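Report on the following structure.
Coordinate-derived values only; no laboratory data. Every value quoted in this text rests on a predicted model; they were computed, and no experiment measured them. Glycine also receives a Cβ, built like all others from the backbone with ideal geometry; neighbour counts cover every protein chain displayed.
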Ligand code: PAF
């Protein structure tokens, strides 16, 4: 495995792969890798000649009061996990390499960036779309792999790739969960023992929604109320949003009459956790 920090160095190597007609699978991450990332890497390994993983804690996608400085980092452990997973290139650009002085260009995917997590994190998805587009331009992947846990992010990236004619397959893989159902996330490391127990309320509320839909409930407000009740019974939990939306367009809906995403964001202590299911 090669570790590359310099963008130009990576571009030279990518050019060689392209000349050799090798397919490139790409897993962009912010590091502190967990089994969710590993499942993306394994999938990339299976379907690509070359696997590139990036680790870049992108400062622009954190709001001024968010956890950029506190975001967990463990490069030594991540590097070993990447070696164990058999990747070819670990790309770790610097902030000044990605955003040199005079940087002025951003990608704005409209409408679907303003709702759900975008409503609570203004500018977040503009920064995500921009950094992902930049990484795509540097790595030039045939396929890129993302986890369903960040559902809105996957919809935005697919929209951006289609709208900007990027010739890249966006592959979204299922959320990997802890044995009790908690979605794996680097931010779970913020939870103390009591908060970790409380955090299961997100998954419990999603399971309640799934059960209600299976039993014939169609009205989204009724389902959301039942979910709200479960989360609110947890003392340490504070709801940011619970929403049911069209799974493709993210448009808000009143009845379960198509493929939907049930998504929520909940504060547990300092950790803002998100989760979703698609039905
Ligand atoms: O999902 C993430 O880890 C990040 O948002 C991403 C896609 C690596 C962009 O910084």
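Quick notes on this one:
- Fewest-first sequence of 186, 96 by Cβ atoms within 10 Å of each Cβ: 96, 186
- GNM flexibility winner over the chain from 215, 243, 192 (Cα, springs under 10 Å): 215
- The chain: most fluctuating residue of 248, 211, 101 per GNM, C-alpha cutoff 10 Å: 101
- Degrees, to the nearest 10: 124-139 long Cα axis against longest axis of the chain: 30 degrees
- Using a Gaussian network model of the chain in which every pair of alpha carbons under 10 angstrom is joined by a spring, one finds that among 170, 75, 268 the greatest mean-square fluctuation is at 75.
- Approximate shape of the range 31-123 as ellipsoid semi-axes (Cα gyration tensor, √5λ), whole Å, largest first: 27, 17, 15
- Shown here are the Rg and Dmax of the Cα trace of the range 87-145, at 13.5, 37 Å.
- The angle separating the long axis of helix 200-214 from the principal Cα axis of greatest extent in the chain is about 70 degrees.
- Orientation-averaged projected area, Cα convex hull of the range 1-49 (nm²): 3.9 nm²
- The overall shape of the range 119-216, judged from the alpha-carbon gyration tensor, is prolate: a/c is not under 1.5, and a/b is greater than b/c.
- Geometric descriptor of the chain, per residue, is 134 Å³ (volume of the convex hull of the Cα atoms).
- Measuring between their Cα centroids, the range 221-279 and the range 141-209 lie 14 Å from each other.
- Shape category assigned to the range 104-173 from the gyration tensor of Cα positions, a/c cut at 1.5: oblate
- For the range 29-71, the direction-averaged projected area of the alpha-carbon convex hull comes to 3.5 nm².
- For the chain, the longest principal axis of the C-alpha atoms and the axis of helix 7-19 are separated by about 80°.
- Cα gyration tensor category, rounded, prolate or oblate, for the range 135-279 with a/c compared to 1.5: oblate
- Fewest-first ranking of 34, 124, using other Cβ atoms within 10 Å as the exposure measure: 34, 124
- Only helices enter this figure: runs of n ≥ 4 DSSP H residues, each worth -39500 (n - 2.57), summed and divided by the residues of the chain, yield -11500 deg cm²/dmol at 222 nm to the nearest 500.
- Listed peptides 144-151, 42-49 appear in the order 144-151, 42-49 once ranked by packing, highest mean of other Cβ atoms within 10 Å at the front.
- Exposure proxy ranking, count of Cβ atoms within 10 Å, fewest first, for 217, 5, 234: 5, 217, 234
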